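The values are calculated or read from the model by the stated rules, or taken from the named source; none is laboratory data. Everything numeric here is computed off the predicted structure, so don't read it as measured data. We place every Cβ from the backbone using ideal geometry, glycine too, and count neighbours over all the protein chains shown. Accessible surface is based on the protein model in full, side chains and every heavy atom, while ligands, DNA and RNA are left aside. Shrake-Rupley method; radii C 1.70, N 1.55, O 1.52, S 1.80 Å.
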Amino acid sequence: MPLTHTRDLFTKALKGKYALGAFNVNNMELIQAIVEACEEEKAPVILQISKGARQYANPVYLKKLIEAAISVTNIPIAVHLDHGDTVELCRQCIDEGFTSVMIDGSHLPFEKNVEVCKRVVDYAHKHNCVVEGELGQLVGAQFDEGEHGGSFSKGGVYTHPDEAVEFVRQTGVDSLAIAIGNSHGAYKFKGAQHLNLDRLTAIKKALMDASLGDYPLVLHGASSVPRELVEEINRTGGKLGEDAAGVPEADIEIARRTGVTKVNIDTDLRLAMTAGIRKAFLDNPKEFDPRKYLGPARVRVKELVRHKVRNVLCCAGQAFD
Ligand code: 13P
């Protein structure tokens, strides 16, 4: 079975009122865990690859691993570039057959962001690929820490509903990543902070009122940073800060019902994998066969993804409809 187009996954998700998990991948164990979980849950899935993942694993390895995943399963799988930072990188991924790319011009002034996005959209649409843009600024690092470049915003800037309409109209992007208090990583909120779900509702409404329909929105930084994983990592020798905190899963649930169609998850996968590896070493300090610690870690990632697709994103059972 070839790749399934991101466009088709979005169309079905919007109709079925569920969200798609977009899980970041950079090695074999992550890809296997995510795909096996989604296969068991009969869930469609987006595997997303960042610039840092391409630098780490080599684009050819990732492509071949995903081809292998597709050949051993029949669930719909789309491949997405996460946080493309240049038109050239987006073009490369489009040429390699990605079904969607993100061009992240969120740190640029509005007009410049539009210009860069439009260039990617023009190329992508000629080559059967769809594009995610981003408007507003997430708090903290915009790209993952393994990458060169990127940008960091201290305060974050919420996406303005009217600007979202203008941005979608002027660029022709197929989906829009929004900033509503979300951020990447394991330290998202202080105290009882939350996502600004009212702002999400206002953005969705503005797009609808502007006759852009049930327009697909994307939520970056959607990891929930489960307390039990943080505690397990620290019990087994880790030193994660007491202030590690993610987006409550109840918020993601509301975001899904309000109209977020793609939910990006990376940090939670990292935490599950780290917890699995640390526990394996603690249980058996003499072990040095990578299969004996990567294997259990893969199982932990798989359990986490099963939970997300079944209980949070509600895309379980939607693979073949
Ligand atoms: P998390 O750090 O919350 O997993 O977010 C990942 C993400 O948004 C990737 O683009």
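Here is how the numbers come out for the structure above:
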item	result
Failed item in (1) in contact (Cβ under 8 Å) with a residue 24 or more places away in the chain; (2) out of contact with any Lys or Arg (no Cβ under 8 Å at 6 or more places or on another chain); (3) open to solvent by 20 Å² or more (accessible area, probe 1.4 Å), with residue 183 passing the rest	(3)
Selection from the range 21-34 of residues that are open to solvent by 10 Å² or more (accessible area, probe 1.4 Å) and part of a helix (DSSP H, G or I)	28, 29, 30, 32
Members of the range 181-198 found to be assigned to a loop (DSSP other than H, G, I, E, B) and within 13 Å of the ligand (Cβ to nearest atom), listed by number	181, 182, 184, 185, 186, 188, 189, 195
Residue 52 vs. criteria assigned to a helix (DSSP H, G or I), at pLDDT 95 or above and within 16 Å of the ligand (Cβ to nearest atom)	yes
The range 306-321, subset hydrophobic (A, V, I, L, M, F, W, C) and open to solvent by less than 50 Å² (accessible area, probe 1.4 Å), residue farthest from residue 253 (Cα to Cα)	319
Residues of the range 1-20 that turn out to be among the aliphatic types (A, V, I, L, M), more than 27 Å from residue 297 (Cβ to Cβ) and open to solvent by 20 Å² or more (accessible area, probe 1.4 Å), as a count	2
Those residues of the range 82-123 which are of a type in the set (Asp, Glu) and surrounded by fewer than 21 Cβ atoms within 10 Å (Cβ to Cβ), in sequence order	88, 95, 96, 111, 115, 122
Selection within the range 301-321 - out of contact with any Ser or Thr (no Cβ under 9 Å at 6 or more places or on another chain) and in a helix (DSSP H, G or I)	301, 302, 303, 304, 305, 306, 307, 309, 310, 311
Qualifying positions in the range 186-198 - in contact with a Gly (Cβ under 6 Å, 6 or more places away or on another chain) and surrounded by fewer than 19 Cβ atoms within 10 Å (Cβ to Cβ)	196
Test: residue in the range 191-214 that is on the phi < 0 side of the Ramachandran plot and under 14 Å from the mean Cα position of the chain (by Cα)	no
Count - residues of the range 251-286 that are assigned to a helix (DSSP H, G or I) and either within 16 Å of the ligand (Cβ to nearest atom) or farther than 30 Å from residue 197 by Cβ (or both)	22
Which listed residue is open to solvent by 80 Å² or more (accessible area, probe 1.4 Å) and either among the acidic types (Asp, Glu) or within 15 Å of residue 226 (Cα to Cα) (or both), from 303, 287	303
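Residue by residue, here is whether (1) open to solvent by 10 Å² or more (accessible area, probe 1.4 Å); (2) farther than 17 Å from residue 24 by Cβ; (3) of a type outside the set (Lys, Arg); (4) away from the ligand (no atom under 13 Å from the Cβ) holds:
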| position | (1), (2), (3), (4) |
| --- | --- |
| 164 | no, yes, yes, yes |
| 200 | no, yes, yes, yes |
| 215 | yes, yes, yes, yes |
| 224 | yes, no, yes, no |
| 229 | yes, no, yes, no |
| 235 | yes, yes, no, yes |
